[in-house]
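Student: Okay, here's the structure, questions in a sec.
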Amino acid sequence: MSGVTTNETSPAARPDDTGSGKTGCGNSGSDTIVGDIQNLAVAWEKLHYEYEEYHDGSHDRLVLDCAARLGADPGGPLAYVWIFGLVVAVPHLSWVPGDGVKEAALQALRVAEPALSAQDCVHDSHPYEMHDAEEDEELPGWLIDLVDDTQEWYEDRPRDEWRCPRNAAGFARIALDLLDPGSVSDVPPRLPPEANATIDTLSALLEGYPKTDVYDEIEEQARALRSAEDPDDRAGRIMVVRAVGWYATSGMVRHKGVLDELIEALEEALSHSPADPCEHAWDAHPLLPNFAPEAARLGIELSYPGGRLRYERQRTEQGDHGAPLEIMLCPAFIAGLGQESLTQLRTSRDRLFGPRDVSHVDAEYLDAGGRLQIEKIAQRVEFTSRNEQYAEDLGLWAARRFEHADSARERAVLLLAAYQTMQIAYPAPARSVAEDVLRVLRTVAAAPRPAECAHDDAHPQLRYAGFRHAMAHFYAPEDFPTPEKPDQARGEAAWICPRFFGEVAEEGVRNLEVLVTD
């Protein structure tokens with residue numbers, strides 16, 4: 001472990017023996033090996049970032065070594081070094097440490113905290129009082145400059161405040177509060193490690209780069225809302241469900257059960273909320289973030305007592321910027337948020353997974369005589385983002401009409417429209433739409449085909465820019481001119497060719513089957 005003393009025997013009783021020369025440090029005249037501290041700092045930093053990745057016991061050995069060193073001299077001049085190490089190790093200790101590892105860390109911290117708190121101090125304040133979770137990762141990097149007075153010091157607070165026994169005691173209380181919530185007082189408010197891990201995971205998911213199973217993570221937020229008993233905790237959890245609900249209804253979620261979980265959790269949560277309006281002015285309630293990762297972060301923060309205290313402290317430190325906590329957690333406001341999210345989820349569930357009526361688009365895609373409005377259809381099957389809004393309804397309508405169309409020209413246009421729109425739909429066609437179109441395409445793909453085509457020219461190309469002009473000309477040559485480029489023109493036999501139909505349908509089946517497979 002990079003020269004770190006992590007022996008299974010007695011690490012605290014063993015002298016530092018990495019081979020580096022000793023450097024006298026200005027902390028009460030204690031000698032220490034700066035190289036060993038530097039190696040420790042590197043190892044602790046790795047532990048902080050990679051606590052989920054190692055299963056070989058090296059992280060546990062590092063924590064046990066740190067706890068043993070602290071336990072050997074709990075009130076000593078280097079106690080802050082080992083306490084910093086245990087603060088950095090909190091994510092690992094809150095994850096899956098080995099047997100007895102967390103208990104060893106807690107025991108060392110419980111012995112060190114009173115020993116350090118009892119020592120004299122001349123400072124009016126200490127760095128720990130304003131220390132935040134985001135700064136934990138910086139602690140290892142400060143150690144070398146703290147133990148070695150010959151190094152430059154760039155931090156705002158002086159070295160003696162950082163090395164003060166009372167400051168070390170404060171950091172010990174931070175670690176104790178995180179590992180054994182409620183066991184100590186006088187600690188700066190912060191979120192527990194699992195909350196920060198959830199924020200990180202949700203941010204990745206909502207930004208489109210999930211680290212975990214998407215469905216499990218969304219359902220976990222529904223379960224967290226169900227289990228929230230405190231009204232303020234529940235308010236924060238409703239905000240989280242609001243944020244993940246945007247993702248769940250975007251089309252990225254292909255399983256109805258995921259939306260069902262969110263809906264049922266919201267229904268249960270709202271049963272605890274008052275229906276009466278509040279006494280706040282109509283414009284007093286805050287405008288919450290509309291960027292999903294930020295909205296989820298705020299919800300997680302407000303789901304924990306420490307997070308709520310931190311929110312209010314940061315708000316007042318910024319000159320009362322933002323809504324007071326009382327307004328942010330107003331029951332009527334939260335009930336309104338929850339109801340809005342519930343309505344959106346129910347509507348989207350029906351749209352994504354329920355049967356869809358598209359008869360209303362007859363007026364859009366058929367003329368008075370019942371013929372296809374070919375120019376409009378051809379425009380809307382081009383591969384362009386502006387056609388995403390029409391894709392699902394047009395594709396479903398075309399597939400259903402295809403089954404009853406008598407004209408070979410109309411069948412060709414409808415089949416190609418059904419195929420093309422399923423490629424245009426973003427991020428993917430709704431499951432109910434994909435299933436209906438897939439049924440039609442499977443039938444076409446399974447139909448008998450001749451061994452050879454009955455035409456000499458090639459089949460139409462579906463992705464080139466002039467496709468819509470070629471399609472319009474094929475369906476209504478009397479109304480639309482021959483395409484300018486000769487290679488875009490195809491004879492009628494090429495458009496209605498059974499082999500062409502089968503190839504298009506087969507590709508469409510392959511594309512859609514992956515979207516409806518559980």
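The values are calculated or read from the model by the stated rules, or taken from the named source; none is laboratory data. What you are looking at is a predicted structure, and each value in this text was computed from that prediction instead of being measured. Using ideal geometry, Cβ is built from the backbone for each residue, glycine included, and neighbour counts are taken over all protein chains shown.
Student: Any idea which residue in the range 483-518 is nearest to ARG411 (Cα to Cα), counting only those that are basic (Lys, Arg) and in contact with a Pro (Cβ under 8 Å, 6 or more places away or on another chain)?
Tutor: Across the range 483-518, the extreme among qualifying residues is ARG499.
Student: What helices (runs of 4 or more DSSP H), lying completely within the range 41-124, carry at least 3 residues that are over 23 Å from ARG159 (Cα atoms) and either among the charged types (D, E, K, R) or modelled with pLDDT of 95 or more (or both)?
Tutor: Here the list reads 58-72, 101-117.
Student: Using the structure shown, decide if THR482 is among the polar types (S, T, N, Q), part of a loop (DSSP other than H, G, I, E, B) and surrounded by fewer than 16 Cβ atoms within 10 Å (Cβ to Cβ).
Tutor: The answer is yes for THR482.
Student: Kindly establish whether ARG313 is at negative phi and crowded, with 16+ Cβ neighbours inside 10 Å.
Tutor: It is false that ARG313 is at negative phi and crowded, with 16+ Cβ neighbours inside 10 Å.
Student: Of the numbered conditions (1) of a type in the set (Asp, Glu); (2) free of Cβ contacts under 8 Å to residues at least 60 places away in the same chain; (3) over 19 Å from PRO181 (Cβ atoms), GLU103 fails exactly one; give the number of that condition.
Tutor: (3)
Student: Touching an Asp or Glu at 6+ places or on another chain (Cβ under 9 Å), polar (S, T, N, Q) and at pLDDT 95 or above, is that true of GLN461?
Tutor: Criteria not met by GLN461.
Conditions (1) at pLDDT 95 or above; (2) polar (S, T, N, Q); (3) over 27 Å from SER273 (Cα atoms), marked per residue:
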site: GLU220; (1), (2), (3): yes, no, no
site: ARG223; (1), (2), (3): yes, no, no
site: SER227; (1), (2), (3): yes, yes, no
site: VAL244; (1), (2), (3): yes, no, no
site: ARG254; (1), (2), (3): no, no, yes
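Student: For residues in the range 140-160 being surrounded by 15 or more Cβ atoms within 10 Å (Cβ to Cβ) and either more than 24 Å from GLY306 (Cβ to Cβ) or in contact (Cβ under 8 Å) with a residue 60 or more places away in the chain (or both), which is farthest from the chain's Cα centre (by Cα)?
Tutor: ASP148
Student: For the range 460-479, name all the residues that are under 20 Å from GLU410 (Cβ atoms) and either among the aliphatic types (A, V, I, L, M) or surrounded by 15 or more Cβ atoms within 10 Å (Cβ to Cβ) (or both).
Tutor: PRO460, LEU462, PHE467, ARG468, HIS469, ALA470, MET471, ALA472, HIS473, PHE474, TYR475, ALA476
Student: Given ARG315, ARG308, which one is free of Cβ contacts under 8 Å to residues at least 40 places away in the same chain, in the same structural domain as PRO274 (by TED's automatic domain parsing) and either basic (Lys, Arg) or assigned to a loop (DSSP other than H, G, I, E, B) (or both)?
Tutor: None of the other options fit; the residue is ARG315.
Student: Does any residue of the range 306-322 turn out to be hydrophobic (A, V, I, L, M, F, W, C) and closer than 15 Å to ARG234 by Cβ?
Tutor: So far as the range 306-322 goes, no, none of its residues is hydrophobic (A, V, I, L, M, F, W, C) and closer than 15 Å to ARG234 by Cβ.
Student: Shifting gears a bit: Answer yes if at least one residue in the range 256-279 is without any contact (Cβ under 8 Å) to a residue 12 or more places away in the chain, part of a loop (DSSP other than H, G, I, E, B) and among the acidic types (Asp, Glu), and no otherwise.
Tutor: yes
Student: Could you pull out the residue among LEU345, LEU325, LEU302 that is surrounded by 15 or more Cβ atoms within 10 Å (Cβ to Cβ) and out of contact with any Gly (no Cβ under 7 Å at 6 or more places or on another chain)?
Tutor: After ruling out the rest, the residue left standing is LEU325.
Student: Please work out which residue is surrounded by the most Cβ atoms within 10 Å (Cβ to Cβ), limiting yourself to the range 485-503 and to residues that are in a helix (DSSP H, G or I) and without any contact (Cβ under 8 Å) to a residue 24 or more places away in the chain.
Tutor: ASP487
Student: Would you mind telling me which numbered condition in (1) surrounded by fewer than 21 Cβ atoms within 10 Å (Cβ to Cβ); (2) more than 32 Å from the chain's Cα centre (by Cα) ALA169 fails?
Tutor: (1)
Student: Which condition number in (1) touching a helix residue (DSSP H, G or I) at 6+ places or on another chain (Cβ under 7 Å); (2) assigned to a loop (DSSP other than H, G, I, E, B); (3) of a type outside the set (Gly, Ala, Ser) is the one that GLU229 fails?
Tutor: Every condition holds for GLU229 apart from (1).
Student: Right, next: Here are some residues: GLU382, GLU388. Which one is assigned by TED's automatic domain parsing to the domain that holds PRO481, at pLDDT below 95 and either touching a strand residue (DSSP E or B) at 6+ places or on another chain (Cβ under 9 Å) or not β-branched (Val, Ile, Thr) (or both)?
Tutor: The conditions single out GLU382.
Student: In this structure, is VAL81 closer than 25 Å to THR212 by Cβ, touching a residue at least 24 places away in the same chain (Cβ under 8 Å) and not acidic (Asp, Glu)?
Tutor: Against the criterion (closer than 25 Å to THR212 by Cβ, touching a residue at least 24 places away in the same chain (Cβ under 8 Å) and not acidic (Asp, Glu)), VAL81 does not qualify.
Student: Checking PRO460 against (1) out of contact with any Lys or Arg (no Cβ under 6 Å at 6 or more places or on another chain); (2) part of a loop (DSSP other than H, G, I, E, B); (3) under 20 Å from ALA398 (Cα atoms); (4) not hydrophobic (A, V, I, L, M, F, W, C), which test does it fail?
Tutor: Against the list (1) out of contact with any Lys or Arg (no Cβ under 6 Å at 6 or more places or on another chain); (2) part of a loop (DSSP other than H, G, I, E, B); (3) under 20 Å from ALA398 (Cα atoms); (4) not hydrophobic (A, V, I, L, M, F, W, C), PRO460 comes up short only on (1).
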